[in-house]
Amino acid sequence: MLKFLKVITNIVVLALFILITFFILAPFFGLKLYAVVSGSMEPGIPVGALAAARTVPAEEIIAGDVITFYVNPGSDTVATHRVVEVNKAEGSFKTKGDNNEAADINPVKYSQLLGRVQFSLPYLGYFYYFLGTMIGKITMIIVFLSLITLTVLLEKFLEKRE
């Protein structure tokens, strides 16, 4: 039972390490990460997913691409929707959430574009969002230290037992 607990603890530590490393290294590979907080792109990109977008020139975006953009110029609010029409003359996109009945009312100007979504990972957006908060960072430090301490204690206990 103790060996099983040690294996599970090691797997959890490794999984957390890999996830956090991915979050840290993503920008080095040209990816910006966003937590999806609405159901407008379901079922393809569900609420709580992590969307990874790569910066591309606005001129490369075509109808059918999923993009991440500022909802309004000068705003910090971000949305991820599918491009349904490109208006090169006005320098804008018409977008629509896959789960929405109608296209978005306001066109997205080229200057609002953050990137084209390369992939999304279900549920990881919750974790990513949580890690962005102070309580999330403190919690992760405590969890890592606790898991490492548990691993060391289990190792010592197993050595004494043998």
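Structure data summary
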{"read-out": "Those residues of the range 68-81 which are in contact with a Phe, Trp or Tyr (Cβ under 9 Å, 6 or more places away or on another chain), open to solvent by 50 Å² or more (accessible area, probe 1.4 Å) and aliphatic (A, V, I, L, M), in sequence order", "value": "V78"}
{"read-out": "Qualifying residue in the range 28-39 (condition: farther than 27 Å from L145 by Cα, exposed (fewer than 11 other Cβ atoms within 10 Å of the Cβ) and in contact with a strand residue (DSSP E or B) (Cβ under 9 Å, 6 or more places away or on another chain))", "value": "yes"}
{"read-out": "Residue in the range 113-120 that is over 14 Å from T80 (Cα atoms) and open to solvent by 40 Å² or more (accessible area, probe 1.4 Å) present", "value": "no"}
{"read-out": "Residue in the range 123-130 that is closer than 22 Å to S40 by Cα, in contact with a Gly (Cβ under 8 Å, 6 or more places away or on another chain) and modelled with pLDDT of 95 or more present", "value": "no"}
{"read-out": "Exclusive hit being within 29 Å of I62 (Cα to Cα), under 18 Å from the mean Cα position of the chain (by Cα) and without any contact (Cβ under 8 Å) to a residue 60 or more places away in the chain, set L113, L121", "value": "L113"}
{"read-out": "From K94, K137, K160, residue being basic (K, R) and touching a Pro at 6+ places or on another chain (Cβ under 6 Å)", "value": "K94"}
{"read-out": "Test: residue in the range 28-38 that is under 11 Å from the mean Cα position of the chain (by Cα), at pLDDT below 95 and not in a strand (DSSP E or B)", "value": "yes"}
{"read-out": "Failed item in (1) open to solvent by less than 40 Å² (accessible area, probe 1.4 Å); (2) at pLDDT 95 or above; (3) of a type outside the set (D, E, K, R), with V84 passing the rest", "value": "(1)"}
{"read-out": "Candidates D104, D98, D65, filtered to the one that is over 22 Å from the mean Cα position of the chain (by Cα) and either open to solvent by less than 90 Å² (accessible area, probe 1.4 Å) or modelled with pLDDT of 95 or more (or both)", "value": "D104"}
{"read-out": "Matching residues, the range 128-157, being touching a residue at least 24 places away in the same chain (Cβ under 8 Å), within 19 Å of L25 (Cα to Cα) and either among the β-branched types (V, I, T) or open to solvent by 100 Å² or more (accessible area, probe 1.4 Å) (or both)", "value": "Y129"}
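The values are calculated or read from the model by the stated rules, or taken from the named source; none is laboratory data. Fair warning: this is a prediction, and the values are worked out from it, not measured in the lab. With ideal geometry, Cβ positions are generated from the backbone for all residues, glycine too; neighbour counts draw on all protein chains shown. Quick note on the areas: whole protein, heavy atoms, side chains included, nothing else; ligands and nucleic acids left out. Shrake-Rupley method; radii C 1.70, N 1.55, O 1.52, S 1.80 Å.
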